[in-house]
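What follows is calculated from the coordinates using simple rules that are stated; it is not laboratory data. Computed from a predicted model, the values in this text were never measured in an experiment. Backbone-built Cβ (ideal geometry, glycine too); neighbour counts: all protein chains shown.
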Amino acid sequence: MTASQRKAIFGMCGQLGMNDDDRHALILSVTGKESTKELTDRETEDVLRELRKRLGGETVPSEKRNPKAYKPAVPGMMTTDQQSLAWRLMYRLCELDEKPMLHENGTPVTPGERMAGAIRAILDNNMAKPGKEIFDRVHFDEGMKLIEKLKMYVHTAEKRAKRRENNENRR
């Protein structure tokens, strides 16, 4: 049993108002064992399934699971799919770099800093700062423009890397 499965069992039992004896009785009725420590992976899943059933198929709503990570979509702004694609393109671009970009003090420029720089340069949006809110002020249409530019940057970097590889193979 993983730590997250154990946490889920205890959390769902708490939601149902179960005490330790109730939890042990539930585990005994589902698996024939008294303790979570004795459960196999399959038995753990059986207990979790029973708890979900007793909760009416619902567990903790997504917005309460990790309030810092949950962020509802804002109409008219960059979607989570767009954000995900933009990050994939940025990480691909970083991967293709011949030499990593460095700050004046010699520390590497993070992908978040590069993304903020791309937003500032491509969209003329001076509000972009690295962090979780990096896309907060990027509209849907601007997100599409950003993605298209990042695709072009990646395409150019891939061509450059291929040329570099061909030149090395000729030597």
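Can you give me the relative contact order of segment 80-170 as a percent, contacts being Cα pairs under 8 Å and 6 or more apart? Relative contact order here is 35 percent. For segment 79-171, the set of GluC sites (Glu not before Pro) satisfying both a DSSP loop assignment and a count of at most 10 other C-beta atoms within 10 Å is given as Glu98, Glu104. Using +1 at the Cβ of each Lys and Arg and -1 at the Cβ of each Asp and Glu in the chain, identify which of Gly76, Ala116, Asn105 lies farthest towards the dipole's positive end. Of the options given, the answer is Asn105. Remark: the Cα gyration tensor places segment 100-171 in the oblate category, a/c being 1.5 or greater and a/b not exceeding b/c.
With respect to the chain, whose longest principal axis is taken over its alpha-carbon atoms, helix 140-170 is tilted by about 70°. Projected label points at Glu50 and Asp124, each 7 Å from Cα along the beta carbon direction, are separated by 6.5 nanometres.
Here the extension length gained between Leu96 and Lys159 equals 21.7 nm, from 0.36 nm per residue of separation less the Cα-Cα distance.
Helix 41-54 axis versus longest C-alpha principal axis of the chain: approximately 80°, rounded to the nearest ten. Taking amide H as placed 1.01 Å from N in the peptide plane, the amide H of Met77 sits under 5 Å from that of Phe140, each at least 5 places away or on another chain. Ranking of Cys13, Cys94 by neighbouring Cβ atoms within 10 Å, starting from the fewest: Cys94, Cys13.
Using R0 = 35 Å, the C-beta based FRET efficiency linking Thr80 and Arg171 works out to 0.15. Specify the angular offset, from 0 to 90 degrees and rounded to the nearest 10, of the alpha carbon long axis of helix 80-96 from the longest principal axis of the alpha carbons in the chain. Helix 80-96 and the main axis of the chain meet at about 60 degrees.
Taking every alpha-carbon pair under 8 Å whose residues sit at least 6 apart, the chain reaches a relative contact order of 18 percent.
Taken about its Cα centre, segment 86-171 carries a charge dipole of about 420 debye when Lys and Arg each add +1 at the Cβ and Asp and Glu each add -1 at the Cβ. Residues considered: Thr107, Thr80, Thr156. Largest GNM mean-square fluctuation over the chain, using C-alpha springs under 10 Å, is found at Thr107.
Could you please rank Ile122, Ile27, placing first whichever residue has the fewest other Cβ atoms within 10 Å of its Cβ?
Result, fewest neighbours first: Ile122, Ile27.
Counting beta carbons within 10 Å around each of Phe10, Phe135 and listing the fewest first gives the order Phe10, Phe135. Taking 0.36 nm per residue of sequence separation and subtracting the Cα-Cα distance, how much length would be gained by fully extending the chain between Ala3 and Gln15, in nm to one decimal? Stretched fully, the Ala3-Gln15 segment lengthens by 2.5 nm. Comparing Val30, Val74, Val109 in a Gaussian network model of the chain, where Cα atoms under 10 Å apart are tied by springs, the biggest mean-square fluctuation is seen for Val30. FRET efficiency for the Thr110 to Met144 pair, using the beta carbon distance and R₀ = 25 Å, is estimated at 0.55.
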